[in-house]
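Below is one structure; the comments refer to it alone.
The values are calculated or read from the model by the stated rules, or taken from the named source; none is laboratory data. Quick caveat: nothing in here was measured; it's all calculated off a predicted structure. All Cβ positions, even for glycine, are placed from backbone atoms using ideal geometry, and neighbour counts span all protein chains on display.
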């Protein structure tokens with residue numbers, strides 16, 4: 001048996017270092033499968049030829065595996081005992097066997113294996129690599145199921161969970177949007193159109209409007225016999241569609257394809273939205289996601305604030321020490337900012353020495369406290385650069401978001417308060433909150 005090599009490009013080693021257990025008593029299949037999986041996926045393959053070796057490896061040596069590729073019949077396990085043992089241990093399993101027929105396939109489906117591949121045929125190893133890649137990808141996926149049909153819901157939940165997916169359930173479109181608004185990251189949403197009715201198409205529009213077109217892949221299912229349901233779902237923004245009942249293997253393959261697509265889209269978006277110097281989100285990311293975050297906050301009746309932080313006398317620092325030292329300063333300031341500002345807030349480098357902060361579910365008083373903590377941390381931190389110790393300060397302008405204004409207007413308000421902080425002597429946080437407190441204390 002020869003590995004044909006196509007997975008080398010089709011299946012980039014996204015699973016590099018992933019530990020896979022191969023249980024196979026044939027030395028020929030062992031060598032071929034180990035080479036194929038290692039080259040195609042970058043996986044770390046551990047081989048056992050018997051149930052006894054598997055038990056010793058897991059129980060005695062404490063090895064853990066993301067996945068096992070198992071032959072159904074072994075020298076000390078002629079009736080699938082290895083499969084039963086691994087499933088009892090919670091190890092996801094792909095069956096790779098020559099003893100395969102319709103009856104075996106039904107048995108594998110009933111036992112909820114993560115996949116099954118026949119050894120017969122020239123394409124067997126390519127198919128094995130494809131299936132293992134699919135299963136490993138699905139293990140890292142979060143899938144939202146939207147259905148009011150209890151039987152459909154249970155079937156989809158069991159099927160996806162058996163293949164390693166993290167399953168989230170929503171009873172209706174409003175429930176699904178609430179989960180997305182709360183920041184839950186979903187790779188694929190499986191929408192039962194028959195149970196959801198017209199709200200399924202409304203949901204698609206709302207997801208695209210609120211979260212962006214590339215935020216989640218949308219997969220439609222329907223028991224309706226009318227031929228227009230699928231095309232309408234796709235025209236409304238769906239990514240794929242199947243009629244029910246469906247072939248389980250086809251459903252999982254198509255969901256897996258959407259998961260891979262979403263992972264790639266997310267990786268590309270992360271690259272495009274990252275500032276290369278500080279590894280913070282960049283200006284583009286801030287302006288694309290900021291308005292959406294504010295819209296979510298207004299819809300939920302939550303407070304939010306926006307701030308601009310600027311390193312004091314940064315131009316003078318660059319002129320004195322050079323741009324290489326300036327870059328070191330920017331990276332260290334970014335580290336300080338990240339240490340003080342975590343989720344659900346949005347932190348980004350806007351350009352030069354300016355950083356933008358969008359405080360989510362946070363009133364002006366709370367945001368002021370965080371900004372003061374940032375200011376004090378940077379003022380007390382000594383940055384070592386080019387053999388010298390450099391002291392820094394920052395000024396921050398902070399504005400409350402009231403709703404009804406454009407994102408640019410909110411940012412301009414923060415910029416005005418930043419100008420006031422600079423004019424007042426730098427190394428301070430300035431906002432309407434501080435001005436009101438200052439007036440009250442002087443009265």
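Test residue 357 against the stated conditions and say whether it is outside the structural domain of residue 183 (by TED's automatic domain parsing), in contact with a helix residue (DSSP H, G or I) (Cβ under 7 Å, 6 or more places away or on another chain) and in a strand (DSSP E or B). Taking the combined requirement at face value, the residue does not satisfy it.
No other residue among 40, 68 is surrounded by 17 or more Cβ atoms within 10 Å (Cβ to Cβ), modelled with pLDDT of 90 or more and under 30 Å from the mean Cα position of the chain (by Cα) apart from 68.
The condition of being in contact with a helix residue (DSSP H, G or I) (Cβ under 8 Å, 6 or more places away or on another chain) and farther than 29 Å from residue 401 by Cβ holds for residue 221.
Counting only residues that are in contact (Cβ under 8 Å) with a residue 12 or more places away in the chain, surrounded by fewer than 17 Cβ atoms within 10 Å (Cβ to Cβ) and not in a helix (DSSP H, G or I), segment 47-61 holds 1 of them. Examine segment 128-144 for a residue that is farther than 29 Å from residue 189 by Cα and modelled with pLDDT under 85, and state whether such a residue exists. For segment 128-144, residues farther than 29 Å from residue 189 by Cα and modelled with pLDDT under 85: absent. Looking only at segment 168-190, count every residue that is assigned to a loop (DSSP other than H, G, I, E, B) and either modelled with pLDDT of 90 or more or closer than 21 Å to residue 152 by Cα (or both) and tell me the total. Number satisfying all stated conditions: 4.
For every residue, the table says whether it meets (1) under 18 Å from residue 145 (Cα atoms); (2) within 24 Å of the chain's Cα centre (by Cα); (3) in the same structural domain as residue 176 (by TED's automatic domain parsing).
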| residue | (1), (2), (3) |
| --- | --- |
| 218 | yes, yes, yes |
| 222 | yes, no, yes |
| 227 | no, no, yes |
| 232 | no, no, yes |
| 235 | no, no, yes |
| 246 | yes, no, yes |
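To keep it simple, each residue is scored yes or no on (1) farther than 30 Å from residue 372 by Cα; (2) surrounded by 15 or more Cβ atoms within 10 Å (Cβ to Cβ); (3) in contact with a strand residue (DSSP E or B) (Cβ under 7 Å, 6 or more places away or on another chain).
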position	(1), (2), (3)
232	yes, yes, no
238	yes, yes, yes
247	yes, no, no
269	yes, yes, no
281	no, yes, yes
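Annotation: of all residues in segment 381-405 being at pLDDT 90 or above and not in a strand (DSSP E or B), the one that is surrounded by the fewest Cβ atoms within 10 Å (Cβ to Cβ) is 393. For the condition buried (at least 22 other Cβ atoms within 10 Å of the Cβ) and either in contact with a helix residue (DSSP H, G or I) (Cβ under 9 Å, 6 or more places away or on another chain) or over 17 Å from residue 303 (Cβ atoms) (or both), residue 420 does not qualify.
Considering only residues in segment 314-331 that are in contact (Cβ under 8 Å) with a residue 60 or more places away in the chain and surrounded by 14 or more Cβ atoms within 10 Å (Cβ to Cβ), the one that is farthest from residue 353 (Cα to Cα) turns out to be 321. Going through (1) in contact with a strand residue (DSSP E or B) (Cβ under 8 Å, 6 or more places away or on another chain); (2) at pLDDT 90 or above one by one, residue 325 falls short only on (2). Is it true that residue 69 is touching a strand residue (DSSP E or B) at 6+ places or on another chain (Cβ under 9 Å), in a loop (DSSP other than H, G, I, E, B) and on the phi < 0 side of the Ramachandran plot? So residue 69 fails the test.
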